[in-house]
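Input: a single structure, listed below in C-alpha coordinates.
The values are calculated or read from the model by the stated rules, or taken from the named source; none is laboratory data. As the structure is a computational prediction, the values presented were derived from the model and not from experiment. When we count neighbours, we look across all protein chains shown, and the Cβ atoms used for this are built from the backbone with ideal geometry, even at glycine.
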Amino acid sequence: MFPASCMNRVVITGLGIYSCLGKNLAEVKDSLYAGKSGIVFDPDRKEFGYRSALTGMVDRPNLKGLLDRRARVMLPEQGEYAYMATLEALANAKMDQDYIDSKEVGIIYGNDSSAEAVISGIDLMREKKDNTLVGSGSVFQTMNSTVTMNLATIFKLKGINFTVSAACASGSHAIGLGYHFIKSGLQECIICGGAQEINKFSMGNFDALSAFSVREAEPTKASRPFDRDRDGLIPSGGAATVILESLESALKRGAPILGEVLGYGFSSNGAHISNPTVDGPVRALTMALKDAGIAADQVAYINAHATSTPAGDASEAKAIDQVFGQSRPFVSSTKSMTGHECWMAGASEIVYSMLMMQHGFIAPNINFENPDEDSAKLNIAKTTINKEFEIFLSNSFGFGGTNSSLIVKKWT
(Lines give C-alpha, C1' and ligand atoms only; values in the text may rest on other atoms or scores of the structure.)
Protein backbone atom coordinates (compact mmCIF):
# COMPACT_ATOMS: atom_id res chain seq x y z
CA MET A 1 0.00 0.00 0.00
CA PHE A 2 1.09 3.55 -0.68
CA PRO A 3 1.22 5.92 2.30
CA ALA A 4 -1.87 8.09 2.73
CA SER A 5 0.16 11.20 1.95
CA CYS A 6 0.67 9.88 -1.61
CA MET A 7 -3.00 9.27 -2.28
CA ASN A 8 -4.60 11.44 -4.97
CA ARG A 9 -8.35 11.76 -5.33
CA VAL A 10 -9.46 10.43 -8.71
CA VAL A 11 -12.27 12.13 -10.60
CA ILE A 12 -14.19 11.56 -13.81
CA THR A 13 -13.99 14.51 -16.19
CA GLY A 14 -15.29 13.00 -19.43
CA LEU A 15 -17.64 10.33 -20.75
CA GLY A 16 -18.19 8.90 -24.22
CA ILE A 17 -20.42 6.11 -25.51
CA TYR A 18 -21.18 4.29 -28.76
CA SER A 19 -23.70 1.55 -28.11
CA CYS A 20 -26.89 -0.13 -29.27
CA LEU A 21 -28.78 2.39 -27.09
CA GLY A 22 -27.36 5.34 -29.02
CA LYS A 23 -24.25 6.74 -30.61
CA ASN A 24 -23.71 9.53 -28.10
CA LEU A 25 -24.47 10.47 -24.50
CA ALA A 26 -27.72 12.29 -25.28
CA GLU A 27 -29.21 9.42 -27.28
CA VAL A 28 -28.18 6.86 -24.68
CA LYS A 29 -29.59 8.90 -21.80
CA ASP A 30 -32.98 9.06 -23.55
CA SER A 31 -32.96 5.30 -24.23
CA LEU A 32 -32.09 4.51 -20.61
CA TYR A 33 -34.86 6.73 -19.31
CA ALA A 34 -37.40 5.23 -21.73
CA GLY A 35 -36.32 1.65 -21.03
CA LYS A 36 -35.69 1.17 -24.74
CA SER A 37 -34.08 -2.07 -25.88
CA GLY A 38 -31.32 -2.22 -28.48
CA ILE A 39 -31.73 -5.95 -29.19
CA VAL A 40 -32.57 -7.15 -32.72
CA PHE A 41 -32.84 -10.37 -34.74
CA ASP A 42 -29.89 -10.67 -37.12
CA PRO A 43 -30.70 -12.94 -40.12
CA ASP A 44 -27.01 -13.15 -41.06
CA ARG A 45 -26.32 -15.02 -37.82
CA LYS A 46 -29.08 -17.52 -38.47
CA GLU A 47 -27.75 -18.17 -41.97
CA PHE A 48 -24.23 -18.50 -40.54
CA GLY A 49 -25.38 -21.33 -38.26
CA TYR A 50 -26.15 -19.61 -34.98
CA ARG A 51 -28.57 -21.29 -32.61
CA SER A 52 -29.70 -17.79 -31.57
CA ALA A 53 -29.65 -14.85 -33.98
CA LEU A 54 -30.31 -12.22 -31.30
CA THR A 55 -27.80 -9.42 -30.80
CA GLY A 56 -27.38 -5.81 -29.83
CA MET A 57 -26.69 -3.85 -33.00
CA VAL A 58 -25.01 -0.57 -33.87
CA ASP A 59 -23.94 0.84 -37.24
CA ARG A 60 -20.26 1.06 -38.03
CA PRO A 61 -19.14 4.70 -37.98
CA ASN A 62 -18.00 6.45 -41.17
CA LEU A 63 -14.50 7.60 -40.31
CA LYS A 64 -13.69 9.25 -43.64
CA GLY A 65 -12.99 12.88 -42.92
CA LEU A 66 -12.15 12.05 -39.31
CA LEU A 67 -9.12 9.82 -39.85
CA ASP A 68 -6.70 9.41 -42.74
CA ARG A 69 -6.63 6.13 -44.67
CA ARG A 70 -3.54 4.83 -42.87
CA ALA A 71 -5.23 5.20 -39.49
CA ARG A 72 -8.47 3.67 -40.76
CA VAL A 73 -6.87 0.49 -42.09
CA MET A 74 -5.27 -0.17 -38.70
CA LEU A 75 -8.59 -0.12 -36.82
CA PRO A 76 -10.77 -3.20 -36.37
CA GLU A 77 -14.49 -2.83 -35.74
CA GLN A 78 -14.22 -2.40 -31.98
CA GLY A 79 -11.40 0.11 -32.49
CA GLU A 80 -13.73 2.24 -34.59
CA TYR A 81 -16.30 2.25 -31.80
CA ALA A 82 -13.60 3.10 -29.25
CA TYR A 83 -12.36 5.99 -31.37
CA MET A 84 -15.87 7.49 -31.54
CA ALA A 85 -16.45 7.05 -27.80
CA THR A 86 -13.07 8.61 -27.01
CA LEU A 87 -13.69 11.60 -29.28
CA GLU A 88 -16.88 12.31 -27.36
CA ALA A 89 -15.25 11.74 -23.97
CA LEU A 90 -12.37 14.11 -24.72
CA ALA A 91 -14.80 16.78 -25.91
CA ASN A 92 -16.92 16.16 -22.81
CA ALA A 93 -13.80 16.61 -20.67
CA LYS A 94 -12.83 19.77 -22.59
CA MET A 95 -9.47 18.18 -23.31
CA ASP A 96 -8.00 19.22 -26.68
CA GLN A 97 -4.99 17.95 -28.61
CA ASP A 98 -2.80 20.83 -27.43
CA TYR A 99 -3.34 19.73 -23.83
CA ILE A 100 -2.66 16.08 -24.70
CA ASP A 101 0.53 17.07 -26.52
CA SER A 102 1.80 18.91 -23.45
CA LYS A 103 1.03 16.16 -20.89
CA GLU A 104 1.60 12.45 -20.33
CA VAL A 105 -1.99 11.31 -20.90
CA GLY A 106 -2.31 7.52 -20.77
CA ILE A 107 -4.74 4.88 -22.01
CA ILE A 108 -5.96 1.63 -20.44
CA TYR A 109 -8.74 -0.10 -22.33
CA GLY A 110 -10.53 -3.41 -21.92
CA ASN A 111 -10.62 -5.74 -24.95
CA ASP A 112 -10.48 -9.53 -25.05
CA SER A 113 -10.91 -10.49 -28.71
CA SER A 114 -10.38 -9.33 -32.26
CA ALA A 115 -12.03 -12.25 -34.01
CA GLU A 116 -13.12 -10.76 -37.31
CA ALA A 117 -9.68 -9.45 -38.19
CA VAL A 118 -8.07 -12.81 -37.36
CA ILE A 119 -10.60 -14.89 -39.28
CA SER A 120 -10.67 -12.58 -42.32
CA GLY A 121 -6.88 -12.61 -42.54
CA ILE A 122 -6.62 -16.40 -42.26
CA ASP A 123 -9.42 -16.95 -44.80
CA LEU A 124 -7.62 -14.70 -47.29
CA MET A 125 -4.32 -16.54 -46.78
CA ARG A 126 -6.02 -19.91 -47.33
CA GLU A 127 -7.75 -18.71 -50.47
CA LYS A 128 -4.83 -16.87 -52.10
CA LYS A 129 -1.91 -18.88 -50.70
CA ASP A 130 -0.08 -15.58 -50.25
CA ASN A 131 0.10 -14.05 -46.80
CA THR A 132 1.36 -10.70 -48.10
CA LEU A 133 -2.15 -9.99 -49.39
CA VAL A 134 -3.60 -9.51 -45.91
CA GLY A 135 -2.20 -5.98 -45.92
CA SER A 136 -0.03 -3.96 -43.59
CA GLY A 137 -2.88 -3.15 -41.22
CA SER A 138 -3.81 -6.74 -40.45
CA VAL A 139 -1.36 -7.37 -37.62
CA PHE A 140 -2.46 -4.21 -35.82
CA GLN A 141 -6.12 -5.22 -36.09
CA THR A 142 -5.65 -8.78 -34.87
CA MET A 143 -3.86 -8.18 -31.58
CA ASN A 144 -5.88 -7.93 -28.36
CA SER A 145 -4.07 -4.65 -27.71
CA THR A 146 -5.40 -3.22 -30.97
CA VAL A 147 -7.54 -0.55 -29.31
CA THR A 148 -4.85 0.91 -27.08
CA MET A 149 -2.09 0.79 -29.70
CA ASN A 150 -4.30 2.50 -32.27
CA LEU A 151 -5.79 5.16 -30.00
CA ALA A 152 -2.40 5.92 -28.43
CA THR A 153 -1.08 6.55 -31.94
CA ILE A 154 -4.08 8.53 -33.19
CA PHE A 155 -4.25 10.82 -30.15
CA LYS A 156 -0.46 10.93 -29.66
CA LEU A 157 -0.67 9.73 -26.07
CA LYS A 158 2.54 9.64 -24.05
CA GLY A 159 1.45 8.07 -20.75
CA ILE A 160 0.64 4.51 -19.68
CA ASN A 161 -0.51 2.35 -22.61
CA PHE A 162 -1.84 -1.21 -22.29
CA THR A 163 -4.90 -3.40 -22.70
CA VAL A 164 -6.77 -5.33 -20.02
CA SER A 165 -8.00 -8.75 -21.13
CA ALA A 166 -10.23 -10.02 -18.34
CA ALA A 167 -13.27 -11.45 -20.09
CA CYS A 168 -16.48 -9.60 -19.27
CA ALA A 169 -14.82 -7.61 -16.49
CA SER A 170 -12.23 -6.10 -18.86
CA GLY A 171 -13.71 -2.60 -19.05
CA SER A 172 -14.28 -2.42 -15.31
CA HIS A 173 -10.77 -3.55 -14.46
CA ALA A 174 -9.39 -1.00 -16.94
CA ILE A 175 -11.10 1.78 -14.98
CA GLY A 176 -10.03 0.26 -11.67
CA LEU A 177 -6.40 0.09 -12.75
CA GLY A 178 -6.54 3.63 -14.11
CA TYR A 179 -7.89 4.73 -10.76
CA HIS A 180 -4.93 3.13 -8.97
CA PHE A 181 -2.31 4.62 -11.31
CA ILE A 182 -3.70 8.10 -10.67
CA LYS A 183 -4.38 7.53 -6.97
CA SER A 184 -0.76 6.52 -6.43
CA GLY A 185 0.59 9.55 -8.29
CA LEU A 186 2.07 7.65 -11.24
CA GLN A 187 -0.23 9.37 -13.76
CA GLU A 188 -2.35 12.51 -13.85
CA CYS A 189 -4.84 11.54 -16.55
CA ILE A 190 -5.81 8.26 -18.23
CA ILE A 191 -8.30 7.47 -20.98
CA CYS A 192 -10.05 4.31 -19.75
CA GLY A 193 -12.77 2.17 -21.26
CA GLY A 194 -13.87 -0.99 -22.94
CA ALA A 195 -14.68 -2.10 -26.48
CA GLN A 196 -16.49 -5.11 -27.95
CA GLU A 197 -16.85 -6.21 -31.58
CA ILE A 198 -20.40 -7.12 -32.67
CA ASN A 199 -19.69 -9.08 -35.87
CA LYS A 200 -20.98 -12.63 -36.24
CA PHE A 201 -17.48 -14.15 -35.99
CA SER A 202 -16.89 -12.93 -32.46
CA MET A 203 -19.59 -14.82 -30.56
CA GLY A 204 -20.14 -18.12 -32.38
CA ASN A 205 -18.35 -20.19 -29.74
CA PHE A 206 -20.46 -18.62 -26.98
CA ASP A 207 -23.57 -19.58 -28.92
CA ALA A 208 -22.18 -23.11 -29.19
CA LEU A 209 -22.29 -23.30 -25.38
CA SER A 210 -26.06 -22.66 -25.55
CA ALA A 211 -25.42 -19.50 -23.55
CA PHE A 212 -27.75 -17.28 -25.59
CA SER A 213 -31.46 -16.67 -25.27
CA VAL A 214 -33.56 -18.25 -28.02
CA ARG A 215 -36.56 -15.92 -27.65
CA GLU A 216 -36.12 -14.91 -31.28
CA ALA A 217 -39.79 -14.05 -31.80
CA GLU A 218 -39.54 -11.17 -29.31
CA PRO A 219 -36.01 -9.72 -29.46
CA THR A 220 -36.66 -6.76 -27.16
CA LYS A 221 -38.09 -9.07 -24.48
CA ALA A 222 -35.34 -11.70 -24.67
CA SER A 223 -32.87 -10.22 -22.19
CA ARG A 224 -34.46 -10.80 -18.78
CA PRO A 225 -31.94 -10.34 -15.96
CA PHE A 226 -33.19 -11.65 -12.60
CA ASP A 227 -36.49 -12.81 -14.11
CA ARG A 228 -37.53 -16.36 -13.25
CA ASP A 229 -38.08 -17.19 -16.93
CA ARG A 230 -34.72 -15.98 -18.27
CA ASP A 231 -33.09 -18.37 -20.72
CA GLY A 232 -29.72 -16.86 -21.57
CA LEU A 233 -27.81 -13.74 -22.49
CA ILE A 234 -27.80 -11.66 -25.68
CA PRO A 235 -24.41 -10.65 -27.16
CA SER A 236 -23.87 -6.97 -27.86
CA GLY A 237 -21.07 -4.44 -28.17
CA GLY A 238 -19.73 -0.99 -28.99
CA ALA A 239 -17.39 1.07 -26.84
CA ALA A 240 -17.36 3.34 -23.81
CA THR A 241 -14.70 5.77 -22.63
CA VAL A 242 -14.24 7.31 -19.18
CA ILE A 243 -11.64 10.05 -18.67
CA LEU A 244 -10.01 9.68 -15.24
CA GLU A 245 -7.95 12.51 -13.80
CA SER A 246 -6.39 13.49 -10.52
CA LEU A 247 -8.46 16.08 -8.69
CA GLU A 248 -5.48 18.43 -8.67
CA SER A 249 -5.08 18.17 -12.45
CA ALA A 250 -8.80 18.63 -13.08
CA LEU A 251 -9.01 21.72 -10.87
CA LYS A 252 -5.84 23.18 -12.38
CA ARG A 253 -7.21 23.08 -15.92
CA GLY A 254 -10.77 24.00 -14.97
CA ALA A 255 -12.18 20.68 -16.12
CA PRO A 256 -15.83 19.74 -15.71
CA ILE A 257 -15.80 17.28 -12.79
CA LEU A 258 -18.62 14.76 -13.11
CA GLY A 259 -17.90 12.28 -10.35
CA GLU A 260 -15.25 10.73 -8.12
CA VAL A 261 -14.10 7.12 -8.13
CA LEU A 262 -14.24 6.13 -4.48
CA GLY A 263 -13.46 2.44 -4.51
CA TYR A 264 -12.36 -0.56 -6.56
CA GLY A 265 -12.77 -4.13 -5.41
CA PHE A 266 -11.54 -7.22 -7.21
CA SER A 267 -11.25 -10.95 -6.67
CA SER A 268 -10.89 -14.31 -8.34
CA ASN A 269 -13.35 -17.09 -7.69
CA GLY A 270 -10.56 -19.66 -7.81
CA ALA A 271 -13.04 -22.34 -8.84
CA HIS A 272 -14.70 -23.47 -12.07
CA ILE A 273 -13.67 -21.70 -15.28
CA SER A 274 -17.23 -20.71 -16.18
CA ASN A 275 -19.56 -21.49 -13.27
CA PRO A 276 -20.07 -18.48 -10.97
CA THR A 277 -19.72 -18.41 -7.20
CA VAL A 278 -21.16 -16.23 -4.45
CA ASP A 279 -17.98 -15.90 -2.39
CA GLY A 280 -15.91 -14.30 -5.18
CA PRO A 281 -18.32 -11.41 -5.85
CA VAL A 282 -18.88 -10.91 -2.10
CA ARG A 283 -15.14 -10.40 -1.62
CA ALA A 284 -15.01 -7.88 -4.50
CA LEU A 285 -18.02 -5.98 -3.12
CA THR A 286 -16.59 -5.93 0.39
CA MET A 287 -13.20 -4.77 -0.85
CA ALA A 288 -14.79 -1.95 -2.89
CA LEU A 289 -16.69 -0.68 0.16
CA LYS A 290 -13.56 -0.84 2.31
CA ASP A 291 -11.49 0.98 -0.33
CA ALA A 292 -14.17 3.65 -0.61
CA GLY A 293 -14.37 4.04 3.15
CA ILE A 294 -18.15 3.89 3.16
CA ALA A 295 -20.84 1.69 4.65
CA ALA A 296 -23.15 -0.46 2.54
CA ASP A 297 -26.13 1.77 3.31
CA GLN A 298 -24.46 4.72 1.57
CA VAL A 299 -24.79 3.02 -1.82
CA ALA A 300 -28.08 4.13 -3.37
CA TYR A 301 -27.96 2.17 -6.63
CA ILE A 302 -26.28 -0.97 -7.94
CA ASN A 303 -25.87 -1.56 -11.67
CA ALA A 304 -25.75 -5.34 -11.56
CA HIS A 305 -23.65 -7.51 -13.83
CA ALA A 306 -26.68 -9.79 -14.29
CA THR A 307 -26.57 -11.04 -17.88
CA SER A 308 -29.86 -13.00 -17.94
CA THR A 309 -28.32 -16.43 -17.33
CA PRO A 310 -29.92 -18.67 -14.69
CA ALA A 311 -26.79 -19.42 -12.65
CA GLY A 312 -25.03 -16.07 -13.02
CA ASP A 313 -27.99 -13.93 -11.98
CA ALA A 314 -28.77 -16.19 -9.02
CA SER A 315 -25.23 -16.09 -7.64
CA GLU A 316 -25.02 -12.31 -8.00
CA ALA A 317 -28.41 -11.83 -6.33
CA LYS A 318 -27.17 -13.91 -3.39
CA ALA A 319 -23.96 -11.86 -3.19
CA ILE A 320 -25.80 -8.53 -3.30
CA ASP A 321 -28.23 -9.70 -0.65
CA GLN A 322 -25.39 -10.90 1.57
CA VAL A 323 -23.64 -7.52 1.49
CA PHE A 324 -26.58 -5.11 1.01
CA GLY A 325 -29.48 -7.08 2.46
CA GLN A 326 -30.02 -4.62 5.31
CA SER A 327 -29.98 -1.42 3.24
CA ARG A 328 -31.60 -2.78 0.05
CA PRO A 329 -30.42 -0.20 -2.52
CA PHE A 330 -32.15 -0.01 -5.89
CA VAL A 331 -30.80 -2.60 -8.33
CA SER A 332 -31.13 -2.90 -12.08
CA SER A 333 -29.23 -4.52 -14.90
CA THR A 334 -28.92 -2.28 -17.96
CA LYS A 335 -28.14 -5.49 -19.87
CA SER A 336 -31.91 -5.95 -19.97
CA MET A 337 -31.80 -3.21 -22.64
CA THR A 338 -28.32 -3.57 -24.13
CA GLY A 339 -27.71 -7.29 -23.94
CA HIS A 340 -24.27 -8.32 -22.73
CA GLU A 341 -21.66 -5.92 -24.08
CA CYS A 342 -18.91 -8.27 -22.88
CA TRP A 343 -15.44 -6.65 -22.84
CA MET A 344 -17.10 -3.21 -23.02
CA ALA A 345 -19.74 -3.77 -20.35
CA GLY A 346 -17.74 -2.77 -17.27
CA ALA A 347 -17.01 0.61 -18.84
CA SER A 348 -20.37 1.24 -20.50
CA GLU A 349 -22.22 0.51 -17.29
CA ILE A 350 -20.18 3.20 -15.54
CA VAL A 351 -21.30 5.60 -18.30
CA TYR A 352 -24.92 4.45 -18.03
CA SER A 353 -24.90 4.84 -14.25
CA MET A 354 -23.20 8.24 -14.48
CA LEU A 355 -25.92 9.43 -16.88
CA MET A 356 -28.58 8.27 -14.42
CA MET A 357 -26.87 10.03 -11.54
CA GLN A 358 -26.38 13.24 -13.53
CA HIS A 359 -30.01 13.35 -14.63
CA GLY A 360 -31.71 12.10 -11.48
CA PHE A 361 -33.20 8.75 -12.44
CA ILE A 362 -32.66 5.01 -12.14
CA ALA A 363 -33.07 3.09 -15.39
CA PRO A 364 -35.37 0.08 -15.26
CA ASN A 365 -34.55 -3.59 -15.32
CA ILE A 366 -36.93 -4.18 -18.23
CA ASN A 367 -38.59 -7.56 -18.74
CA PHE A 368 -38.50 -8.27 -15.01
CA GLU A 369 -41.93 -9.78 -14.51
CA ASN A 370 -41.52 -12.76 -12.18
CA PRO A 371 -38.80 -12.85 -9.52
CA ASP A 372 -37.21 -16.10 -8.43
CA GLU A 373 -36.31 -16.94 -4.84
CA ASP A 374 -33.02 -15.02 -5.06
CA SER A 375 -34.07 -11.91 -7.00
CA ALA A 376 -37.17 -11.54 -4.81
CA LYS A 377 -34.83 -10.44 -2.01
CA LEU A 378 -33.49 -7.49 -4.04
CA ASN A 379 -34.99 -4.05 -4.54
CA ILE A 380 -35.10 -4.29 -8.34
CA ALA A 381 -36.30 -1.26 -10.30
CA LYS A 382 -38.97 -2.61 -12.67
CA THR A 383 -39.72 0.81 -14.13
CA THR A 384 -37.85 4.11 -14.42
CA ILE A 385 -37.55 5.79 -11.03
CA ASN A 386 -37.04 9.53 -10.77
CA LYS A 387 -34.56 9.81 -7.96
CA GLU A 388 -31.58 11.97 -7.09
CA PHE A 389 -28.70 9.89 -5.74
CA GLU A 390 -25.04 10.41 -4.96
CA ILE A 391 -23.30 7.03 -4.84
CA PHE A 392 -23.58 3.99 -7.09
CA LEU A 393 -21.78 0.67 -7.43
CA SER A 394 -21.24 -1.26 -10.67
CA ASN A 395 -20.48 -4.98 -10.83
CA SER A 396 -18.63 -6.86 -13.58
CA PHE A 397 -17.85 -10.57 -13.48
CA GLY A 398 -16.18 -12.67 -16.16
CA PHE A 399 -15.24 -16.17 -17.27
CA GLY A 400 -12.31 -17.53 -15.33
CA GLY A 401 -13.80 -16.13 -12.14
CA THR A 402 -12.56 -12.55 -12.49
CA ASN A 403 -14.63 -10.04 -10.50
CA SER A 404 -14.62 -6.25 -10.36
CA SER A 405 -16.74 -3.77 -8.42
CA LEU A 406 -16.44 0.00 -8.77
CA ILE A 407 -17.96 2.71 -6.54
CA VAL A 408 -18.50 6.23 -7.87
CA LYS A 409 -19.76 9.35 -6.11
CA LYS A 410 -21.44 12.35 -7.69
CA TRP A 411 -19.35 15.52 -7.65
CA THR A 412 -21.11 18.25 -5.70
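Before moving on, here are some points about what is shown:
- Test: residue in the range 354-363 that is of a type outside the set (S, T, N, Q) and closer than 19 Å to Thr220 by Cα: yes
- The range 117-152: number of residues that are farther than 18 Å from Ser202 by Cβ and of a type in the set (S, T, N, Q): 4
- Test: residue in the range 255-265 that is outside any loop (DSSP other than H, G, I, E, B) and under 23 Å from His340 (Cβ atoms): yes
- Selected residue [farther than 26 Å from Ala222 by Cβ, in contact (Cβ under 8 Å) with a residue 40 or more places away in the chain and either assigned by TED's automatic domain parsing to the domain that holds Leu244 or polar (S, T, N, Q) (or both)] from Ser396, Ser308, Ser405: Ser405
- Candidates Glu373, Glu349, Glu341, Glu316: the one that is over 18 Å from the mean Cα position of the chain (by Cα), closer than 27 Å to Ser213 by Cα and not β-branched (Val, Ile, Thr) is Glu373.
- Helices (runs of 4 or more DSSP H) completely within the range 54-133 that count 2 or more residues being touching a Lys or Arg at 6+ places or on another chain (Cβ under 9 Å) and closer than 30 Å to Val214 by Cβ: 77-92
Let's see how each residue does on (1) surrounded by fewer than 22 Cβ atoms within 10 Å (Cβ to Cβ); (2) within 16 Å of Lys23 (Cβ to Cβ); (3) in the same structural domain as Asn24 (by TED's automatic domain parsing):
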position: Arg72; (1), (2), (3): yes, no, yes
position: Tyr83; (1), (2), (3): no, yes, yes
position: Ala89; (1), (2), (3): no, yes, yes
position: Lys103; (1), (2), (3): yes, no, yes
position: Ile108; (1), (2), (3): no, no, yes
position: Ile119; (1), (2), (3): yes, no, yes
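- Against the test of being in a helix (DSSP H, G or I), at pLDDT 95 or above and more than 29 Å from Glu88 (Cα to Cα), the options Thr277, Thr220, Thr286 yield a single qualifying residue, Thr286.
- Test: residue in the range 116-138 that is in contact with a Gly (Cβ under 8 Å, 6 or more places away or on another chain) and farther than 30 Å from Gln358 by Cα: yes
Residues are listed down the side, and each one gets a yes or a no for (1) over 26 Å from Asn8 (Cα atoms); (2) in the same structural domain as Ser353 (by TED's automatic domain parsing); (3) β-branched (Val, Ile, Thr); (4) within 22 Å of the chain's Cα centre (by Cα):
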| position | (1), (2), (3), (4) |
| --- | --- |
| Ser145 | yes, no, no, yes |
| Ile160 | no, no, yes, yes |
| Val164 | no, no, yes, yes |
| Ala167 | yes, no, no, yes |
| His173 | no, no, no, yes |
| Gly194 | no, no, no, yes |
| Pro219 | yes, no, no, yes |
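- Criterion (surrounded by fewer than 24 Cβ atoms within 10 Å (Cβ to Cβ) and not hydrophobic (A, V, I, L, M, F, W, C)) met by exactly one of Ser210, Ser236, Ser223: Ser210
- Single unsatisfied condition, Val11 versus (1) over 16 Å from the mean Cα position of the chain (by Cα); (2) surrounded by fewer than 24 Cβ atoms within 10 Å (Cβ to Cβ): (2)
- Selected residue [among the acidic types (Asp, Glu) and closer than 30 Å to Pro276 by Cα] from Glu197, Glu188: Glu197
- Some residue of the range 40-47 being surrounded by fewer than 15 Cβ atoms within 10 Å (Cβ to Cβ), without any contact (Cβ under 8 Å) to a residue 60 or more places away in the chain, not assigned by TED's automatic domain parsing to the domain that holds Glu341 and not basic (Lys, Arg): yes
- Checking Gln78 against (1) surrounded by 21 or more Cβ atoms within 10 Å (Cβ to Cβ); (2) polar (S, T, N, Q); (3) over 21 Å from Ser170 (Cα atoms), the condition it does not meet: (3)
- All positions within the range 123-148 that are loosely packed, with under 14 Cβ neighbours inside 10 Å, farther than 13 Å from Pro76 by Cα and among the β-branched types (Val, Ile, Thr): Thr132
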